[in-house]
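Since the structure comes first, as structure tokens, the remarks are kept for the end.
Read the figures in this text as sums done on the coordinates, not as results from a lab. Note that the structure is a prediction, hence the values are computed from the model and not measured. FYI the Cβ positions are ideal-geometry reconstructions off the backbone, even for glycines, and counts take in every protein chain you see.
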């Protein structure tokens, strides 16, 4: 038995010309705010007041961050700003700091994978670290 599988389930339908329902609602809301502001406050002051709302509506309708709608970024920013934050600080001992500095020294060391044998690679890595330790102790 064959079943037909829907193909483009993540694409919204274009309902109002080239706009989806969400885009149309954002743009219609911004246009109505701009119209009301210009009739109440005059053209210059009305456009000055409504321009941030129109820019927000344009961003909500068309702007995408990492192929996700702007509303998700706005929601995440709002949650981050209003959510309680917990800062934890752990005092490190001098031994832990010294070990961390040694790790930083060796983290910049890049060991290429030259052969298929793990034993040869480990031997080469030990030789490189041994020579580096000798250079550090001589200086």
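The table that follows gives values for the structure above.
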| item | result |
| --- | --- |
| Peptides ranked, highest mean first, by Cβ atoms within 10 Å: ranges 21-31, 35-45, 7-17 | 21-31, 35-45, 7-17 |
| FRET E, pair residue 1, residue 65, Förster distance 35 Å, beta-carbon r, rounded to 0.05 | 0.25 |
| Virtual spin-label span in nm between residue 58 and residue 77, 7 Å along Cα→Cβ | 1.6 |
| Label-point separation, residue 39 to residue 125 (7 Å along Cα→Cβ), nm | 7.3 |
| Sites residue 8 and residue 48 - FRET efficiency at Förster radius 25 Å, r taken between beta-carbons, to 0.05 | 0.05 |
| Alpha-carbon radius of gyration plus Dmax, which is the widest Cα pair, for the range 25-106 in Å | 23.8, 71 |
| Tensor-based shape of the range 14-71 (alpha-carbon gyration tensor, a/c under 1.5 rounded, otherwise prolate or oblate) | oblate |
